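Structure first, commentary second.
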Amino acid sequence: MNSVSESPVFWFALKVKYCLLLIIPFFFMLICPEVRSDDLKGAEDHPMLKRFEGSKIVGYDVKRFNEFQMQTSTYQSYDLSSRQRQFIEPPLKLEGRLTKLWYESAGDTSSAEIMRNYQNELVSQ
C-alpha cells in the first residue's frame, strides 16, 4: 500500500464519517422541540419565548405591521348597554409586527401553570 487512501481503515473511517453526517441531522430533528409534526402547518414559535412543555400550536397568525390595543390598567366595571368593559385608564395603542400564537396543552395543565411558566421565562431574560 502506497498511500493512506488505499488503506481499508481509511475507507471504513470515511464511510462512518459520512453516515454520521447523514444520521445526526435526522436525530436532532426527532429530539429538537422546535421541529414538531403535530403543529399547525407553517406555524413556528416566537424566537423570544420557549414553548410550554407538551403543548402544540393550533392557531398561528403573523402581520408585518398592525395596530393593537393592550389594556394595562385596572378593571372598573362592565357597561351592559354598550357591552364594553370599563377600565380606569385607556389602553396602550401599539403598532408594529403582531404575532398571534394559540397553543393547546395537555389536559391536566392549568392556565395558572402556563401563565407562571411564561412570566418566569420573561423575567429570566
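The values are calculated or read from the model by the stated rules, or taken from the named source; none is laboratory data. Just so you know, these numbers come straight off a predicted model, no measurement behind them. Neighbour counts run over all protein chains shown; Cβ positions are idealised from the backbone, glycine included.
So which pairs qualify, if the first residue must be in segment 96-125 and free of Cβ contacts under 8 Å to residues at least 60 places away in the same chain, the second must be among the charged types (D, E, K, R) and loosely packed, with under 10 Cβ neighbours inside 10 Å, the Cβ gap must be under 7 Å, and the two must be at least 6 apart or on different chains?
Pairs found: ARG97/ARG64.
Among the residues of segment 89-98, is there at least one that is surrounded by 11 or more Cβ atoms within 10 Å (Cβ to Cβ) and under 20 Å from LYS56 (Cα atoms)?
Within segment 89-98, one or more residues are surrounded by 11 or more Cβ atoms within 10 Å (Cβ to Cβ) and under 20 Å from LYS56 (Cα atoms).
Taking into account only those residues within segment 69-110 that are hydrophobic (A, V, I, L, M, F, W, C) and within 15 Å of SER55 (Cβ to Cβ), which is modelled with the lowest pLDDT? Let's see the steps before the verdict.
Kept after step one, since they are hydrophobic (A, V, I, L, M, F, W, C), are these residues of segment 69-110: 70, 80, 87-88, 92, 94, 98, 101-102, 106.
Okay, now just the ones that are also within 15 Å of SER55 (Cβ to Cβ), so 101-102, 106.
Working: LEU101: 88, TRP102: 89, ALA106: 77.
Among those residues, the one meeting the criterion is ALA106.
Taking segment 99-121, which residues are of a type in the set (A, V, I, L, M) and surrounded by 10 or more Cβ atoms within 10 Å (Cβ to Cβ)?
Of everything in segment 99-121, those that are of a type in the set (A, V, I, L, M) and surrounded by 10 or more Cβ atoms within 10 Å (Cβ to Cβ) turn out to be LEU101, ALA106, ILE114, MET115.
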